[in-house]
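The values are calculated or read from the model by the stated rules, or taken from the named source; none is laboratory data. Because the structure is predicted, anything quoted here is derived from the model rather than measured. Note that we place each Cβ from the backbone using ideal geometry, even for glycine, and neighbour counts take in every protein chain shown.
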Amino acid sequence: MQSVYSSIEVAKDFYTIEEGGVRMFLIIGEKEALLVDTGFGTGDLISYIRTLTEKRSDLS
């Protein structure tokens, strides 16, 4: 099954995640990751984030 999300690593540990024209940002720190925005919510975003990092993720 194809994901509704795609991502680009813009800088070390800084990703843009796109979902149907909406852009979110994932910043991975030493202990945790921070997701800015949540998109449309049409896909399994948590599982997609797990493909980028196993660190605990917070939402802003």
TODO: For Gly20, state whether it is modelled with pLDDT under 95 and loosely packed, with under 12 Cβ neighbours inside 10 Å.
DONE: yes
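Tally time: how many residues in region 25-41 are more than 13 Å from Asp58 (Cβ to Cβ) and either among the polar types (S, T, N, Q) or surrounded by 13 or more Cβ atoms within 10 Å (Cβ to Cβ) (or both)?
Here the count works out to 1.
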Task: Hey, Ser7 out of contact with any Asp or Glu (no Cβ under 6 Å at 6 or more places or on another chain), without any contact (Cβ under 8 Å) to a residue 12 or more places away in the chain, surrounded by 10 or more Cβ atoms within 10 Å (Cβ to Cβ) and outside any loop (DSSP other than H, G, I, E, B) or not - done: no
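In region 24-38, what residues are in contact with a helix residue (DSSP H, G or I) (Cβ under 9 Å, 6 or more places away or on another chain) and at pLDDT 90 or above? Talk me through it step by step, then tell me what you get.
Step one: filter region 24-38 for residues in contact with a helix residue (DSSP H, G or I) (Cβ under 9 Å, 6 or more places away or on another chain), giving 24, 26, 33, 35, 38.
Passing the criteria: Met24, Leu26, Ala33, Leu35.
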Open item on the list: Take the conditions of a type outside the set (A, V, I, L, M), at positive phi and more than 10 Å from the chain's Cα centre (by Cα) and apply them to Gly29. Does it pass?
Closed with: no
TODO: Can you confirm whether region 28-51 contains a residue that is of a type in the set (Lys, Arg) and assigned to a strand (DSSP E or B)?
DONE: no
Open item on the list: If I ask for residues that are in contact with a Gly (Cβ under 9 Å, 6 or more places away or on another chain) and modelled with pLDDT under 95, which ones from region 1-17 would you list?
Closed with: Ser3, Val4
